[in-house]
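First the structure, in the form of structure tokens, and then the observations on it.
Rule-based calculations on the coordinates, nothing more; no lab input. Note that the structure is predicted; figures quoted are calculated from it, not measured. Using ideal geometry, Cβ is built from the backbone for each residue, glycine included, and neighbour counts are taken over all protein chains shown.
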Amino acid sequence: MSFRDSGSRFTTIGTLVMIVSVMISILVGSGSVVLSQEVKTPKPKKPRFERNEFTLTDNVTQLTWTLSGYAAGQQFSWNGAFAYIDTLNSERYAGARNWRLPSKEELLTLVDYTKGQGFNGSVPGKSVAAGLSKLGFQQVQEGGYWSSTEYFYYEAEAWVVDMTTGSVSSGVKTLYYSIWPVHSAR
């Protein structure tokens, strides 16, 4: 082997070492970018429900509910429920004037959430009302709650949501059920 052959081998090896060094630098550099992205801590999520003195706000639906599921301390006919809501608004209960009777769908957002937590009324102590109490609501009644949604087929009835099992049925508007005032949190 001549001296000239060994020189070209050194040049080839030097070139390879340089290429490998550059590749390692690129890989290490891109790895540090990935590492810095993984180290960032995500913003803490807002809790689903936020409680204050008189209300509980659902941050997903943007609905604010009275903290008490039996704020009136009595049951009402459907028309009586609207009269009571008018009283809440005139008194600015919890600082709000936009209280209303919730729709069937709005009441079901509470039912669906608690059912997802295992409270579906299938065993004692696991009613929807018990799940809502565990969530932070107070005085939630097992039994029916009026919704503002009228029954399509018979104008003398409206939808009632049962807080024992979460079932929905129609009720004659002259019957007495609990009410749970709500307003939009926005």
What chymotrypsin sites (Phe, Trp or Tyr not before Pro) in segment 38-136 are in a loop by DSSP, with at most 11 other Cβ atoms within 10 Å of the Cβ? none
Suppose the chain between Q62 and V172 were pulled fully straight at 0.36 nm per residue; how much longer would it get relative to their current alpha carbon spacing? 36.6 nm
So what's the net charge close to S127: Lys and Arg +1, Asp and Glu -1, counting the other residues with Cβ under 14 Å from its Cβ? +1
How big is segment 62-186 on each of its three principal axes, counting only the C-alpha atoms and giving the largest first in Å? 39, 36, 25
Net charge around R97, counting only other residues with Cβ within less than 13 Å of its Cβ (Lys, Arg = +1; Asp, Glu = -1)? 0
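What does the charge count around E142 come to, taking other residues whose C-beta lies under 13 Å from its C-beta (Lys +1, Arg +1, Asp -1, Glu -1)?
On the way: positive: K126; negative: D162.
My count for the surroundings of E142 gives 0.
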